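What follows is a set of notes on a single structure, which appears directly below.
The values are calculated or read from the model by the stated rules, or taken from the named source; none is laboratory data. Please read these numbers as outputs of a predicted model, since none were measured by experiment. Every residue, glycine as well, gets a Cβ built from its backbone with ideal geometry; the counts of neighbours run over all protein chains shown.
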Amino acid sequence: MTNQYEVVIGLEVHVELKTQTKLFCGCANAFGQDPNSQTCPVCLGMPGVLPVLNGEAVALATRAALALHCTVNSHSKFDRKQYFYPDLPKAYQISQYDQPLAENGHVTIQTSIGKRDIGIERIHMEEDAGKLNHLGQRLGDAEGSLVDLNRAGVPLIEIVSRPEMHSPEEARQYLVELRTILSYLEISDLRMEEGSMRCDANVSLRPLDYTGSLADLPRVEIKNVNSFRNVQRGIEFEIGRQRQLLQTGQRIVKETRGFDDASGSTYSQRSKEEANDYRYFPEPDLPPLVLSETWLQDQREALPQLPDELRQYLAQRGVAERDAEVLVQDLNLYHYWAQVVELVPDVRLVTNWLLSDYSRLVNAKGLSFAAPKVNAGGLASLLSLIISGTLSGKMAKEVLETMFETGETAEAVVKRLGLIQITDHNAIKEIVSAVVTANPAVVQDFLSGKEKALAFLVGQVMKQTKGQAKPDLVNALLREVLATYA
C-alpha cells in the first residue's frame, strides 16, 4: 500500500522455446550467429510462402502450461497481429489472441504474510520478431539502426499474469519462482542477457476508494527489462513517478516506457497500444491447433519433478526450509547434493558443507555446479574423514581448498600434508596438563568464572598440536584437569 493508493502490477513474460528450428520454418533456432545468416523466405516474409507449425514447440509450450497449473485448451488458433516495425518482416506477427493455448494457471510465491497464488491469465504461442541493433546507447540518440532477422520466427510463449501483485518484491519473487519452474522443464535457456527470457511490467496505482474496473486504470508498461533486479528497480521508480504525478494533480498517461539501467529510471517510448490497434484476425494459412486428450496425457507424463515436489522431498529428508530453497533454486546444485547424500547419508553434514565452504569456493573461483571442480565422490571422501575422526572441521576446510587448487583427492592431501587428527586420549592429556601448569593466571581467571579463559587454553593446546588435536576431546580434558584445581 502507498499512503493513498494501492500498487497494482501485472507481468508479461516472453520465453523463447529451446527447439532446433524456428516456429514456422526449418531455419536453425541458434543464438549468436552472424547477422541474417539463420533466415529463409518464410521467416523473411517473402510473398507466397506458407508457415508450417513446429510440433516440438507445441509440446514444450504445453508442458510449461501444465507445470503452471493451467487449463490447456484442446482447441486454439493462431492470429495475425498487425503492426509496423523494421524488425517485423511480414508487418504482422503470427500470435494467438482470443483462443490461446492455455488459461487460468498460477504461481505460488512466499510473502511476508505467507504463501499466495498469483494468477496466470493465459499462455499463448507466437513467433519472435527480429532485432534492431541501434548505433547509439538507445533509440533516441542512435545515429542509425541495423536489422538482424536471425531471431524472427523463433518460437515464444507469452505468460500473462493477472494484475495481482502489489509490490516490486512480489513481482521479483514471482519471476524467480516462474524461472525456477521453467528451468526444471528444460524448455528454454532462460538467459535474460541473451533475450531468451524477457519481461514487461504493467504498473498502475489504484486509489483506495476506487470501485471501477482495473482495465479502466491508466496503465504504464515497462518494456523488455533485462534482469529481475532491474524489473524490481523499474517498478519502484515507476511507483514513485506515478505517485508524485497523482499527488500534484497531474494525470497518468497510458504509455510504454523503457528502463535506463544507469540512472535506474524509466523513460517514455510511445503511447500504449490497445488490442484493436493490432487489428487481429485469424491466420488464414494455419489450421486450428487441436490437441487430443491422449497427446495431452503424454505431455503430463513427460513432466519432471517440479520445485514444490522437491521442496516436500527435502523437508522429509530433514533439510531446513532455508537450505532447501537454495537447493531448489539451482538444479545442478541439488543433483550434486543428491549424489553426495547417496554416499554420505548424514544429510545435515552434507548440506552444511555444500552450502557453506564448498559453495564459497565455487563462487570465489567463478565456477558452477554444472561442472564441479571437486566431484561428488571427492566431497564424500572428505566428509567421511570428518565422520571417522581423521580430520577436524578446520583441517577439512584446509584440505578442501587444496583439493580445489590441485585436483588431488582428500586422502592424497591428508597424506602429503600430514593432516591427521590426534585422538589419543593420553597424548592430548599430557599436553593439556603442561598448558595448564604453564598458565596459572589464566587458570585462576577460569576458576573465578571467566569462561573466555578456557578458549585461550584450548588455543594453546591446538597450537602445540599444530591444530591436529580433536577439539571436543581437548575441551573435555581441559575441564577435567581444571576441575582438580577447584
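So which of Val319, Val328, Val341 ends up being part of a loop (DSSP other than H, G, I, E, B), on the phi < 0 side of the Ramachandran plot and crowded, with 16+ Cβ neighbours inside 10 Å?
Of the residues listed, the single one that is part of a loop (DSSP other than H, G, I, E, B), on the phi < 0 side of the Ramachandran plot and crowded, with 16+ Cβ neighbours inside 10 Å is Val319.
Only one residue in Leu400, Leu379, Leu385 is over 16 Å from Glu342 (Cβ atoms) and either among the hydroxyl-bearing types (Ser, Thr, Tyr) or within 29 Å of the chain's Cα centre (by Cα) (or both). Which one?
Every option except Leu400 fails the conditions.
Condition test on Glu6, is it in contact (Cβ under 8 Å) with a residue 60 or more places away in the chain and among the charged types (D, E, K, R)? Please lay out each step first, then the result.
Details: in contact (Cβ under 8 Å) with a residue 60 or more places away in the chain: yes; among the charged types (D, E, K, R): yes.
For Glu6, the condition - in contact (Cβ under 8 Å) with a residue 60 or more places away in the chain and among the charged types (D, E, K, R) - is met.
List pairs: first in the stretch 249-265 and closer than 13 Å to Lys223 by Cα, second surrounded by 15 or more Cβ atoms within 10 Å (Cβ to Cβ) and among the aromatic types (Phe, Trp, Tyr), Cβ under 9 Å, 6+ apart or cross-chain?
Phe259/Phe237; Ser265/Phe237; Ser265/Phe259
Quick check on the stretch 198-244: of everything there that is part of a strand (DSSP E or B) and small (Gly, Ala, Ser), which residue is nearest to Val154 (Cα to Cα)?
Narrowing the stretch 198-244 to residues part of a strand (DSSP E or B): 198-207, 220-225.
Still in the running and small (Gly, Ala, Ser): 201, 204.
On the way: Ala201: 22, Ser204: 31 Å.
Of everything passing the filter in the stretch 198-244, Ala201 is nearest to Val154 (Cα to Cα).
From the list Thr390, Thr351, exactly one residue is closer than 28 Å to Leu190 by Cβ, of a type in the set (Val, Ile, Thr) and in contact with a helix residue (DSSP H, G or I) (Cβ under 9 Å, 6 or more places away or on another chain). Which is it?
The match here is Thr351.
Any residue that is farther than 30 Å from Arg172 by Cβ, surrounded by 15 or more Cβ atoms within 10 Å (Cβ to Cβ) and touching a residue at least 24 places away in the same chain (Cβ under 8 Å) - is there at least one of those in the stretch 351-371?
No: zero hits.
Among (1) among the aliphatic types (A, V, I, L, M); (2) more than 23 Å from Asn104 (Cβ to Cβ); (3) crowded, with 19+ Cβ neighbours inside 10 Å, there is one condition Ile187 misses while meeting the rest; what is its number?
For Ile187, the failing item is (2).
Under the condition of being charged (D, E, K, R) and exposed (fewer than 15 other Cβ atoms within 10 Å of the Cβ), which residue from the stretch 412-446 is modelled with the lowest pLDDT?
Step by step, filter the stretch 412-446, then rank; the result is Asp424.
Among the residues of the stretch 213-227, are any surrounded by fewer than 20 Cβ atoms within 10 Å (Cβ to Cβ) and in contact with a His (Cβ under 9 Å, 6 or more places away or on another chain)?
Yes.
Any residue in the stretch 61-72 that is surrounded by fewer than 18 Cβ atoms within 10 Å (Cβ to Cβ), closer than 30 Å to Arg162 by Cβ, modelled with pLDDT of 95 or more and polar (S, T, N, Q)? Talk me through it step by step, then tell me what you get.
Applying the first criterion (surrounded by fewer than 18 Cβ atoms within 10 Å (Cβ to Cβ)) to the stretch 61-72 yields 69, 71.
Restricting the remaining residues to those that are closer than 30 Å to Arg162 by Cβ gives 69, 71.
Then drop every residue that is not modelled with pLDDT of 95 or more, which leaves 69, 71.
Within this subset, residues satisfying the condition of being polar (S, T, N, Q) are 71.
Yes, there is a match, as at least one residue in the stretch 61-72 is surrounded by fewer than 18 Cβ atoms within 10 Å (Cβ to Cβ), closer than 30 Å to Arg162 by Cβ, modelled with pLDDT of 95 or more and polar (S, T, N, Q).
Scanning for something within 22 Å of Val225 (Cα to Cα) and either within 28 Å of the chain's Cα centre (by Cα) or at pLDDT below 95 (or both), does the stretch 38-46 turn up at least one residue?
No: zero hits.
Picking from Ile235, Ile239, which residue would you name as being aliphatic (A, V, I, L, M) and under 20 Å from the mean Cα position of the chain (by Cα)? Full working, then the answer.
Numbers: Ile239 fails: under 20 Å from the mean Cα position of the chain (by Cα).
None of the other options fit; the residue is Ile235.
Looking at Leu355, Leu367, which is the one that is outside the structural domain of Val474 (by TED's automatic domain parsing), modelled with pLDDT of 95 or more and aliphatic (A, V, I, L, M)?
None of the other options fit; the residue is Leu355.
Out of (1) touching a residue at least 24 places away in the same chain (Cβ under 8 Å); (2) surrounded by 15 or more Cβ atoms within 10 Å (Cβ to Cβ), what's the single condition that is false for His75?
Answer for His75: the failing condition is (2).
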